[in-house]
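Take a look at the structure set out below.
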Amino acid sequence: MDKFKVPGGLLLSFIVGVACQLARIPVPSPPVLTGALLVFVMSLGYWLVDKYLAQHPAEQKKNCAGHDLTREARP
């Protein structure tokens, strides 16, 4: 995982918040603490699962029937 992804996301959200305040428009986020915590926990969960999956190899990849770009197209 890119080590600048999380800090970059936090910086971008800070910039959006500042821009919304200066333009006097509502911030595009939940107005209550419960909603804000929900967004935070969902983002944290996404980040943790991404970190976990990046460290573990795909064990069932051989059974996947996805695209195989190394073969030539059939006539």
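The values are calculated or read from the model by the stated rules, or taken from the named source; none is laboratory data. Model, not experiment: these values are computed from the prediction. Backbone-built Cβ (ideal geometry, glycine too); neighbour counts: all protein chains shown.
List of remarks:
- Lone unmet requirement of (1) among the basic types (Lys, Arg); (2) modelled with pLDDT of 80 or more; (3) assigned to a loop (DSSP other than H, G, I, E, B) for Lys51: (3)
- In segment 28-48, residue nearest to Phe4 (Cα to Cα) [restricted to those that are at pLDDT below 75 and surrounded by 10 or more Cβ atoms within 10 Å (Cβ to Cβ)]: Ser29
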